[in-house]
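J.: Could you have a look at this structure, given as structure tokens, before my questions?
The values are calculated or read from the model by the stated rules, or taken from the named source; none is laboratory data. Computed from a prediction, not measured in an experiment: that's the story for all the values here. Here Cβ is always computed from backbone atoms with ideal geometry, including for glycine, and neighbour counts include all displayed protein chains. Ligands, DNA and RNA are stripped out before the accessible areas are found, and what is left, the full protein with its side chains, is counted by its heavy atoms. Shrake-Rupley method; radii C 1.70, N 1.55, O 1.52, S 1.80 Å.
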Amino acid sequence: MFLFIIFIGLIVIYLLKDIERPTNFPPGPRWLPLIGNLPELKKLAKSLGGQHLALSELSRIYNTNVLGLKLGSDYVVVVFSYNTVRQVLTREEFEGRPDNFFIRLRCMGIRRGVTCTDGDLWSIQRNFVVRHLRNLGFGKKPMELMVKNEIESVLTTLQQDNIHIGKTLAPVVINILWMLITGNQLSTNHQQLDRLLDLFELRSKAFDMSGGTLTQYPWLRFVAPERSGYNLIQTINKQLDELFMETINEHQRNWNENRDDDLIYSYITEMKQNNCKEIFTYEQLVMVCLDLFIAGTQTTSNTLNFAFLMMILYPEIQEKVHQEIDQFLNGDNLTYSDRHKLPYTEAVLLEVERYCHVVPICGPRRVLRDTILEGYHIPKDTTVLISLYSVHKDQEHWKDPEVFRPDRFLDSTGKLLSPDRLIPFGLGRRRCLGEILAKTCIFMLFVEILRKFKITQKSIDRKPIEKPLPGITLSPQPYRAQFLERHSERIQ
């Protein structure tokens with residue numbers, strides 16, 4: 001009996017300790033033992049329509065730009081407002097990545113690649129990728145040529161009746177990434193490609209930026225492998241591993257020391273010539289490919305998807321874009337450098353990035369050492385989530401953030417303003433690697449499609465819904481559109 005009382009007492013002490021907030025930890029709701037704030041956050045996210053909205057509501061309730069939570073056993077801090085977000089994005093102590101079950105599962109068992117690593121491994125892998133993508137024409141004419149080739153293909157597809165835009169654009173972005181990584185074109189009729197697109201879509205809706213339930217309760221994979229999303233991630237990992245290893249093995253067979261015409265050949269050369277055998281491995285190469293594939297596919301295609309949705313919902317804005325394209329391009333071949341000729345069109349795309357916020361919460365980051373943020377103590381290894389949504393919807397700065405108004409990015413003479421408060425690709429050393437590719441794809445596809453087509457709906461179709469679907473990334477609710485050729489409307 002005495003031992004039983006001691007046992008119960010120890011449990012009570014543990015539970016009381018578990019609900020205790022660290023000294024000077026940021027304000028936020030009280031948490032429960034073992035599960036923390038997870039049930040409350042999930043319930044609020046479901047009722048409001050997304051985790052980013054739930055976190056913003058908690059920030060409002062507790063009147064703080066640094067929100068302190070506990071999800072399962074992990075301390076989690078969420079930051080809001082431009083000044084606080086900028087600090088986290090640019091300060092070295094916030095450059096880490098969490099080392100939890102979900103991150104390791106995402107990396108097929110151990111942290112690898114670029115996206116999910118930190119420290120020396122991250123720096124070496126990132127520097128290699130940046131250097132060799134530049135050598136392959138990243139941000140230069142060769143990349144523009146890849147984009148143009150894909151545009152020619154998609155313009156033909158869009159002439160079909162009642163197009164599902166999301167499913168039409170995603171393969172275009174994947175193919176450009178595939179060519180940069182492997183040197184080959186992946187057929188848009190490839191059944192495996194269609195399956196991968198479906199899996200990526202499921203993945204983006206099954207998890208949130210804190211990793212979902214699996215991060216806090218890894219044991220759920222044994223009792224609920226389907227519902228927890230464990231089987232989904234395993235399926236994605238298996239298919240992508242098979243897809244990339246098939247291509248890597250082919251490169252290995254054809255490799256010689258002079259081959260550097262794609263990222264895989266360059267990486268194999270590095271593996272053979274570099275003394276750091278544990279850093280440059282086939283497992284690392286698969287994960288680097290996966291990182292580029294996942295990061296570039298949905299964010300770029302979803303931004304374009306939102307852009308065309310806005311053109312349907314705001315036909316007067318679409319008409320202004322048509323007029324500017326007709327007046328200043330005058331049938332010339334389009335290059336990315338032509339964007340300065342089309343300030344209103346550029347302003348429309350900036351407003352799409354601000355208003356539609358494809359990535360409302362970025363991160364997660366891991367605090368590398370105890371630090372102070374906005375006067376609050378942030379313990380080492382705390383997970384940090386970054387609300388880009390709060391920056392792009394800031395009432396004080398934007399005045400009317402809930403209004404889709406491209407003119408906010410133009411001065412009184414119609415020139416493009418520098419969008420300092422617009423940071424969809426992040427800031428600092430962890431700024432998105434594929435930013436220039438994304439911007440090039442978005443601008444050139446948007447302009448070429450609107451140069452040729454007027455985007456509308458069939459009169460019998462229900463008007464598209466502006467509210468996005470929640471997930472790791474946000475996407476428009478499925479809609480269909482008609483692309484009507486507009487040759488006769490052009491200004492001669």
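J.: What residue, of Ile294, Ile325, is aliphatic (A, V, I, L, M) and over 22 Å from the mean Cα position of the chain (by Cα)? Even if it seems obvious, please write down each step before you answer.
T.: On the way: Ile294 fails: over 22 Å from the mean Cα position of the chain (by Cα).
That would be Ile325, the only listed residue that is aliphatic (A, V, I, L, M) and over 22 Å from the mean Cα position of the chain (by Cα).
J.: Say we look at segment 436-479 and pick out the residues that are of a type in the set (Ser, Thr, Tyr) and outside any strand (DSSP E or B); which of these is surrounded by the fewest Cβ atoms within 10 Å (Cβ to Cβ)?
T.: Ser459
J.: Surrounded by fewer than 14 Cβ atoms within 10 Å (Cβ to Cβ) and either at pLDDT 95 or above or not basic (Lys, Arg) (or both): does that describe Ile11? Walk me through it before giving the result.
T.: Working: surrounded by fewer than 14 Cβ atoms within 10 Å (Cβ to Cβ): yes; either at pLDDT 95 or above or not basic (Lys, Arg) (or both): yes.
Here the answer is yes, as Ile11 does meet what is asked.
J.: Test each condition in (1) closer than 29 Å to Gln327 by Cβ; (2) of a type outside the set (Phe, Trp, Tyr); (3) open to solvent by 50 Å² or more (accessible area, probe 1.4 Å); (4) assigned to a loop (DSSP other than H, G, I, E, B) for Arg429 and report the one that comes out false.
T.: In the conditions (1) closer than 29 Å to Gln327 by Cβ; (2) of a type outside the set (Phe, Trp, Tyr); (3) open to solvent by 50 Å² or more (accessible area, probe 1.4 Å); (4) assigned to a loop (DSSP other than H, G, I, E, B), Arg429 misses (1) alone.
J.: Which one of the conditions (1) closer than 20 Å to His132 by Cβ; (2) in contact (Cβ under 8 Å) with a residue 60 or more places away in the chain; (3) of a type in the set (D, E, K, R) does Glu250 fail to meet, given that it meets all the rest?
T.: (2)
J.: Leu155 versus (1) out of contact with any Ser or Thr (no Cβ under 8 Å at 6 or more places or on another chain); (2) at pLDDT 95 or above; (3) open to solvent by 10 Å² or more (accessible area, probe 1.4 Å): which is the lone unmet condition?
T.: Of the numbered conditions (1) out of contact with any Ser or Thr (no Cβ under 8 Å at 6 or more places or on another chain); (2) at pLDDT 95 or above; (3) open to solvent by 10 Å² or more (accessible area, probe 1.4 Å), the odd one out for Leu155 is (2).
J.: Got at least one residue in segment 130-137 being open to solvent by 50 Å² or more (accessible area, probe 1.4 Å) and either farther than 24 Å from Cys441 by Cβ or in contact with a Pro (Cβ under 8 Å, 6 or more places away or on another chain) (or both)?
T.: No, there is no match, as no residue in segment 130-137 is open to solvent by 50 Å² or more (accessible area, probe 1.4 Å) and either farther than 24 Å from Cys441 by Cβ or in contact with a Pro (Cβ under 8 Å, 6 or more places away or on another chain) (or both).
J.: Can you tell me which condition Asp99 does not meet? The list is (1) crowded, with 21+ Cβ neighbours inside 10 Å; (2) touching a residue at least 40 places away in the same chain (Cβ under 8 Å); (3) of a type outside the set (A, V, I, L, M), and all the others hold.
T.: The failed condition is (1).
J.: When you scan segment 416-426, how many residues do you find that are open to solvent by 50 Å² or more (accessible area, probe 1.4 Å) and in contact with a helix residue (DSSP H, G or I) (Cβ under 6 Å, 6 or more places away or on another chain)?
T.: Final tally of qualifying residues: 3.
J.: Which of the residues that make up segment 433-485 are polar (S, T, N, Q) and in contact (Cβ under 8 Å) with a residue 60 or more places away in the chain?
T.: Thr440, Thr456, Gln457, Thr473, Ser475, Gln482
J.: Further question: Can you say whether Asp261 is touching a residue at least 40 places away in the same chain (Cβ under 8 Å), surrounded by fewer than 16 Cβ atoms within 10 Å (Cβ to Cβ) and not in a helix (DSSP H, G or I), as far as the supplied structure shows?
T.: Considered against the rule, which asks whether it is touching a residue at least 40 places away in the same chain (Cβ under 8 Å), surrounded by fewer than 16 Cβ atoms within 10 Å (Cβ to Cβ) and not in a helix (DSSP H, G or I), Asp261 comes out as yes.
J.: Which of the residues that make up segment 46-82 are open to solvent by less than 20 Å² (accessible area, probe 1.4 Å) and in a helix (DSSP H, G or I)?
T.: Answer for segment 46-82, where residues must be open to solvent by less than 20 Å² (accessible area, probe 1.4 Å) and in a helix (DSSP H, G or I): His52, Ala54, Leu55, Leu58, Ser59.
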